[in-house]
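> Here's a structure for you.
The values are calculated or read from the model by the stated rules, or taken from the named source; none is laboratory data. Computed from a prediction, not measured in an experiment: that's the story for all the values here. Virtual Cβ from ideal backbone geometry, glycine too; neighbours counted across all protein chains shown.
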């Protein structure tokens, strides 16, 4: 590949890796797109860089202007790094429930952190960021409402998956901002009309980093529900156990939301006789080393067989 003129050139073109030992059916193949390979370790590098470049090109973001955004972690970290690279001070509004490593990373990149109460969640953080943008004259990144979010995943994430794999029968990704599932899902469905697209979200009141329950009362404007064939509700127990399973079985050090997506994908795959299931692993596990996720020696088979009436597909 030759020398690159900027770390920004490393955004995207992440690997699609088959998880050969985890498929519940012999005719079903599981593939994970490893977004931890992006510069700050998450899929959010894609949308942050795209939004900033377009805003600077159109004049919506002036040189040296402060940028503000609401985030539960990865978007804030990506913004802190790319904002600093481009000469912009950054302020990130985060719920108090974020993991300590996220706060440390934001501080390392020089971002200003504004906490909102844990109970208020991301909806309140968004409202605070919107207010600050008006009061301080800051540029609002607006990951939850920017059309560039969906467009980025349509043009890059979805296109990359189709370049690596001709046939996609099931696509599974976290709900998050709605950009990945809507943009990449739409692109994949255009090429594979029979593909089923499932969004993953945590159970109401459960905190899975990077995922948000729509039942919490915040539906991102970016989310295009017409792309979805259903959603799969995942609790902490399965998110943690399957993140650890991916590490032990396949050597993939994915984050907690990646564990949730793997659990959801394995449930969807169990309903197939054959086909290709593609998952988005949005970030890496190294940001969550402060948890006991990697040291708890649970019986994975026991956890996997535990049933919960809410922990299944809810058809729309």
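> Assuming residue 29 fulfils every condition listed in (1) more than 16 Å from the chain's Cα centre (by Cα); (2) surrounded by fewer than 17 Cβ atoms within 10 Å (Cβ to Cβ) apart from one, which condition is it?
Here residue 29 meets the rest and fails (2).
> Still on this structure, I have one more. Please tell me if residue 217 is on the phi > 0 side of the Ramachandran plot and modelled with pLDDT under 90. Walk me through it before giving the result.
Values: on the phi > 0 side of the Ramachandran plot: yes; modelled with pLDDT under 90: yes.
The answer is yes for residue 217.
> Sort out which residues of the stretch 137-149 are at pLDDT 95 or above and either touching a strand residue (DSSP E or B) at 6+ places or on another chain (Cβ under 6 Å) or on the phi < 0 side of the Ramachandran plot (or both), and write them in order of number.
Passing the criteria: 138, 139, 140, 141, 148, 149.
> Considering only the stretch 134-142, I want to know if a residue exists there that is in a loop (DSSP other than H, G, I, E, B) and within 16 Å of residue 47 (Cβ to Cβ). So that I can check it myself, show each step before the final result.
First pass over the stretch 134-142, keeping only residues in a loop (DSSP other than H, G, I, E, B): 137-138, 141-142.
If we keep only those that are within 16 Å of residue 47 (Cβ to Cβ) too, we end up with 141-142.
Taking every residue of the stretch 134-142 in turn, at least one turns out to be in a loop (DSSP other than H, G, I, E, B) and within 16 Å of residue 47 (Cβ to Cβ).
> Continuing with the same structure: Taking residue 254, is it at pLDDT 75 or above, within 16 Å of residue 177 (Cα to Cα), in the same structural domain as residue 31 (by TED's automatic domain parsing) and buried (at least 20 other Cβ atoms within 10 Å of the Cβ)? Before you say what the answer is, go through the steps one by one.
Numbers: at pLDDT 75 or above: yes; within 16 Å of residue 177 (Cα to Cα): no; in the same structural domain as residue 31 (by TED's automatic domain parsing): yes; buried (at least 20 other Cβ atoms within 10 Å of the Cβ): yes.
No.
> Got a sec? Which of 161, 113, 181 is in contact (Cβ under 8 Å) with a residue 12 or more places away in the chain and either farther than 21 Å from residue 282 by Cβ or not assigned by TED's automatic domain parsing to the domain that holds residue 264 (or both)?
On the way: 161 fails: either farther than 21 Å from residue 282 by Cβ or not assigned by TED's automatic domain parsing to the domain that holds residue 264 (or both); 181 fails: either farther than 21 Å from residue 282 by Cβ or not assigned by TED's automatic domain parsing to the domain that holds residue 264 (or both).
Checking each option against the conditions leaves just 113.
> Considering only the stretch 6-25, I want to know if a residue exists there that is on the phi > 0 side of the Ramachandran plot and surrounded by fewer than 18 Cβ atoms within 10 Å (Cβ to Cβ). Don't jump to the end; show me each part of the working.
Of all residues in the stretch 6-25, those on the phi > 0 side of the Ramachandran plot come to 12-13.
Subsequent filtering for residues that are surrounded by fewer than 18 Cβ atoms within 10 Å (Cβ to Cβ) retains 13.
Looking through the stretch 6-25, at least one residue is on the phi > 0 side of the Ramachandran plot and surrounded by fewer than 18 Cβ atoms within 10 Å (Cβ to Cβ).
> In addition: Using beta carbons and a limit of 7 Å, which pairs, at least six apart or on different chains, have the first residue in the stretch 28-49 and outside the structural domain of residue 61 (by TED's automatic domain parsing) and within 17 Å of residue 165 (Cα to Cα) and the second one part of a helix (DSSP H, G or I) and at pLDDT 95 or above?
Cβ pairs passing all conditions: 30/265; 33/161.
> Separate question: Go through the stretch 270-295 and count every residue that is out of contact with any helix residue (DSSP H, G or I) (no Cβ under 8 Å at 6 or more places or on another chain) and surrounded by 24 or more Cβ atoms within 10 Å (Cβ to Cβ).
0
> Confirm whether residue 62 is more than 20 Å from residue 286 (Cβ to Cβ), touching a helix residue (DSSP H, G or I) at 6+ places or on another chain (Cβ under 9 Å), surrounded by fewer than 24 Cβ atoms within 10 Å (Cβ to Cβ) and in the same structural domain as residue 116 (by TED's automatic domain parsing).
On the way: more than 20 Å from residue 286 (Cβ to Cβ): yes; touching a helix residue (DSSP H, G or I) at 6+ places or on another chain (Cβ under 9 Å): yes; surrounded by fewer than 24 Cβ atoms within 10 Å (Cβ to Cβ): yes; in the same structural domain as residue 116 (by TED's automatic domain parsing): yes.
When the stated conditions are applied, residue 62 passes them.
> Which of the numbered conditions does residue 166 fail, given that it passes all the others? Conditions: (1) surrounded by fewer than 18 Cβ atoms within 10 Å (Cβ to Cβ); (2) in a loop (DSSP other than H, G, I, E, B); (3) not assigned by TED's automatic domain parsing to the domain that holds residue 198.
Of everything listed in (1) surrounded by fewer than 18 Cβ atoms within 10 Å (Cβ to Cβ); (2) in a loop (DSSP other than H, G, I, E, B); (3) not assigned by TED's automatic domain parsing to the domain that holds residue 198, residue 166 misses just condition (3).
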